[in-house]
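The values are calculated or read from the model by the stated rules, or taken from the named source; none is laboratory data. Because the structure is predicted, anything quoted here is derived from the model rather than measured. Here the Cβ is made from the backbone with ideal geometry for all residues, glycine too, and neighbour counts use every protein chain on show.
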Amino acid sequence: MLRSISIQLMWTDRPHAERVEAAAAAGFDLVDLWDRRDSDLDGVAETARRHGVGVNGFFGNRDHSLCDPDDVDAAIAEIAENLDAAVRAGARQLHLFSNAIRPGGVVAPLPELDRAELISTGVRALRTVAPRAAEAGVQLVLEHLNTVFLPGYLWDEVAVTTEVAQAVDHPSVGVVFDVFHQQLVRGRLTDNLVACLPWLVRVDIAQVPDRAEPGLGEVDLGFLRDVLARHGWDGTMTFEIVPSDGDPATAVKDIDRLFPKVSA
């Protein structure tokens, strides 16, 4: 298992490149970003190379929607641009969203479009971009998000992103299992985790309800860790954590306790 840390939410008093240094010092294998345009991608990539950590991934689309027939061509172009950026930075993944997510929230398609049509629009778009991702050596990861805080988002649980990945049927398209988002909207974490395993490339960890470190919240993350181990899953685990006391060292200590670094 590779351990990645989201530097969007950790060491936020520092420039992004310095956050990479902190992640390396804390023993993480990889770092994750959100929107590369706000994250000094060049500085992050160079610092990561110097410190022996990798860039796991960042947003593949945000301004345009994969589920809206009127916006999907622009989403495909946005993903292609971000694929080029991923190659330059040596990033492993692009994180894809069903809807555009702009300041103010989710951009929902026209209400007369039914759910099945919206899902199939995304499938067709992903079939278009998947070969480009394969050529670039970048994994496309479908992101389910909760509709508690993001009403109108189409891929609202991991069963939906799994359905989409299965329909696309391309090795460059997989899913994340995000504990925080899944627990907020659907729960049944163990059953849903096991069901998505054939398409699972990343697990995102944050406690519920406050995105806190693993030991402080309502989910037994050690139990989910053991489920993954029993099934022999060996992908990437990203910690998207807001330290409960504001101190990143608190989060790192708790991560190390439940998800210790595996020696090479």
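Condition test on His144, is it crowded, with 22+ Cβ neighbours inside 10 Å and at pLDDT 95 or above?
Answer is yes for this residue.
Please go through segment 206-252 and pick out each residue that is farther than 24 Å from Trp34 by Cβ, part of a helix (DSSP H, G or I) and either of a type in the set (A, V, I, L, M, F, W, C) or in contact (Cβ under 8 Å) with a residue 12 or more places away in the chain (or both). Selection gives Gly222, Phe223, Arg225, Val227, Leu228, Ala229.
Just one of the numbered conditions (1) part of a loop (DSSP other than H, G, I, E, B); (2) surrounded by 17 or more Cβ atoms within 10 Å (Cβ to Cβ); (3) without any contact (Cβ under 8 Å) to a residue 60 or more places away in the chain is not true of Leu66: (3). Within segment 23-57, the set of residues being under 18 Å from Gly90 (Cβ atoms), surrounded by fewer than 17 Cβ atoms within 10 Å (Cβ to Cβ) and touching a residue at least 40 places away in the same chain (Cβ under 8 Å) comprises Asp42, Arg49. For segment 253-264, taking the residues that are more than 19 Å from the chain's Cα centre (by Cα) and closer than 14 Å to Ala206 by Cβ, the one that is surrounded by the most Cβ atoms within 10 Å (Cβ to Cβ) is identified as Asp254. Residues that are touching a helix residue (DSSP H, G or I) at 6+ places or on another chain (Cβ under 6 Å), of a type outside the set (A, V, I, L, M, F, W, C) and in contact (Cβ under 8 Å) with a residue 12 or more places away in the chain: does segment 69-78 have at least one? Within segment 69-78, one or more residues are touching a helix residue (DSSP H, G or I) at 6+ places or on another chain (Cβ under 6 Å), of a type outside the set (A, V, I, L, M, F, W, C) and in contact (Cβ under 8 Å) with a residue 12 or more places away in the chain.
Between Phe149, Phe223, Phe177, Phe239, the distinction of being among the hydrophobic types (A, V, I, L, M, F, W, C), within 18 Å of the chain's Cα centre (by Cα) and surrounded by fewer than 13 Cβ atoms within 10 Å (Cβ to Cβ) belongs to Phe149 only.
Can you pull out the residues in segment 160-174 that are in contact with a Lys or Arg (Cβ under 8 Å, 6 or more places away or on another chain) and surrounded by fewer than 18 Cβ atoms within 10 Å (Cβ to Cβ)? Within segment 160-174, just His170 meets the criteria.
For segment 96-137, how many residues meet the condition of being hydrophobic (A, V, I, L, M, F, W, C), in contact with an Asp or Glu (Cβ under 7 Å, 6 or more places away or on another chain) and at pLDDT below 95? Going through segment 96-137 one residue at a time, the tally reaches 0. What are the residues in segment 160-185 that are in a loop (DSSP other than H, G, I, E, B) and either at pLDDT below 95 or acidic (Asp, Glu) (or both), if any? The one that is in a loop (DSSP other than H, G, I, E, B) and either at pLDDT below 95 or acidic (Asp, Glu) (or both): Asp169. Scanning segment 1-22 for residues that are surrounded by fewer than 22 Cβ atoms within 10 Å (Cβ to Cβ), without any contact (Cβ under 8 Å) to a residue 60 or more places away in the chain and in a loop (DSSP other than H, G, I, E, B) returns Thr12, Asp13, Arg14, Pro15.
Conditions tested, residue by residue: (1) in contact (Cβ under 8 Å) with a residue 24 or more places away in the chain; (2) surrounded by fewer than 17 Cβ atoms within 10 Å (Cβ to Cβ).
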position: Ala91; (1), (2): yes, no
position: Val106; (1), (2): yes, no
position: Asp114; (1), (2): no, yes
position: Glu117; (1), (2): yes, yes
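Taking the criterion of being surrounded by fewer than 19 Cβ atoms within 10 Å (Cβ to Cβ) and either within 15 Å of Arg3 (Cα to Cα) or touching a Phe, Trp or Tyr at 6+ places or on another chain (Cβ under 8 Å) (or both), the residues of segment 226-236 that qualify are Ala229, Trp233, Asp234, Gly235. Starting from residues that are of a type in the set (Gly, Ala, Ser) and surrounded by fewer than 19 Cβ atoms within 10 Å (Cβ to Cβ), keep the ones in segment 186-220 and report whichever is modelled with the highest pLDDT. Among them, the one singled out is Ala195.
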